[in-house]
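The values are calculated or read from the model by the stated rules, or taken from the named source; none is laboratory data. Worth saying up front: this structure is predicted, and the values here are computed from it rather than measured. Backbone-built Cβ (ideal geometry, glycine too); neighbour counts: all protein chains shown.
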Amino acid sequence: MDLLLDGLERDGPALLALDEALVRAGPIRPILRPWVSPPAIVVGRYQDVGREVALRACADDGVPVLRRASGGGTVYHDLGTLNVALVLPGLRSDAVDQLAALLLRVMLGLGLAIERRSRGLFVGPVKLAGFAALQTRQGTLAHASVLVATDPAAVGRYLAPAPADPRPLDSHRAPVTSLRHLGVDVTVPELAAILPTRAGEDVVARAPAPAERSAHEQLLASRYRDIGWHLTGGRPSPTGPTKEEAWTTACA
């Protein structure tokens, strides 16, 4: 297994784009990538920002709204959140299972009574981590966001209330918690360092390969630097504003 050290810092779109780039480049070996993002709300690939995000709160606090390539629900990232990506070669149906098993081994090693449910890792009624996935012929991505020191109240501030007319792509909202709030004394860097030791196989650290860098640059140019794509997913707005107008409206 490769442990990817990406060298990216405080650039939310670039950090998200690299997860997808690792898949598009056609992985040869499994890749484990822990990474940390500055504050951002991240919606699933086909989700409706207007149904998911408290846009006024995001605008007031300067929290960007970003979109990822995988499905799943909306999440909040900040420097207290550890994002973990697992990329496997080919079309795999067990990527989420493998990532969940890795995180369970880590959490049990920290003395946490935790269980996996259909929509993430839970401690009693509260959610600690959620999963999302992207499958292509070249590779399969599973990734998770683990709340280490993130304030659960911040998550609620930036998420819109559940709509009165539920739709299949809406997030399945659940109360959340963090390791800090559960009394687990571990930092984000410490948790990232534990992950490869629980992978169950030899892990070799490396930087992104040329093909991965190329795929990353292409994705940044085509989607991840496009504010309109993050806000609409490439679908035209019912009212037909330009991308600039949509951004102005969202942040006004």
Going through the stretch 187-232 in order, the residues found to be of a type in the set (Val, Ile, Thr), at pLDDT 95 or above and surrounded by 18 or more Cβ atoms within 10 Å (Cβ to Cβ) are 188
Please find, within the stretch 25-48, the residue that is nearest to residue 212 (Cα to Cα) out of those that are surrounded by fewer than 21 Cβ atoms within 10 Å (Cβ to Cβ) and touching a His at 6+ places or on another chain (Cβ under 9 Å).
36
Examine the stretch 191-198 for a residue that is within 18 Å of residue 6 (Cβ to Cβ), among the small types (Gly, Ala, Ser) and not in a helix (DSSP H, G or I), and state whether such a residue exists.
no
List the pairs whose first member sits in the stretch 143-170 and is without any contact (Cβ under 8 Å) to a residue 24 or more places away in the chain, whose second member is part of a loop (DSSP other than H, G, I, E, B) and among the basic types (Lys, Arg), and whose Cβ atoms are under 8 Å apart, counting only residues at least 6 apart or on separate chains?
162/173
Would you confirm, using the coordinates I've provided, whether residue 116 is of a type in the set (Lys, Arg) and outside any strand (DSSP E or B)?
no
Pairs needed: first member in the stretch 200-215, β-branched (Val, Ile, Thr); second member anywhere, surrounded by 10 or more Cβ atoms within 10 Å (Cβ to Cβ); C-beta distance under 6 Å; at least 6 residues apart or different chains.
203/1; 203/3; 203/196; 204/2
Of all the residues that make up the stretch 89-113, how many are outside any helix (DSSP H, G or I) and either modelled with pLDDT of 95 or more or among the acidic types (Asp, Glu) (or both)?
2
Could you check, for the stretch 173-181, whether at least one of its residues is within 17 Å of residue 79 (Cβ to Cβ) and among the basic types (Lys, Arg)?
yes
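Residue by residue through the stretch 43-62, note down the ones that are part of a loop (DSSP other than H, G, I, E, B) and touching a Lys or Arg at 6+ places or on another chain (Cβ under 9 Å).
Residues satisfying the conditions are 44, 45, 46, 47, 48, 54.
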Among the listed residues 93, 70, identify the single one that is over 17 Å from residue 224 (Cβ atoms) and among the polar types (S, T, N, Q).
93
Residue by residue through the stretch 17-47, note down the ones that are of a type in the set (A, V, I, L, M) and closer than 23 Å to residue 60 by Cα.
36, 40, 41, 42, 43
Which members of the stretch 71-82 meet the condition of being within 19 Å of residue 172 (Cα to Cα) and either among the aromatic types (Phe, Trp, Tyr) or surrounded by fewer than 21 Cβ atoms within 10 Å (Cβ to Cβ) (or both)?
71, 76
Can you tell me which residue in the stretch 144-164 is surrounded by the most Cβ atoms within 10 Å (Cβ to Cβ), limited to those that are assigned to a loop (DSSP other than H, G, I, E, B) and among the aliphatic types (A, V, I, L, M)?
148
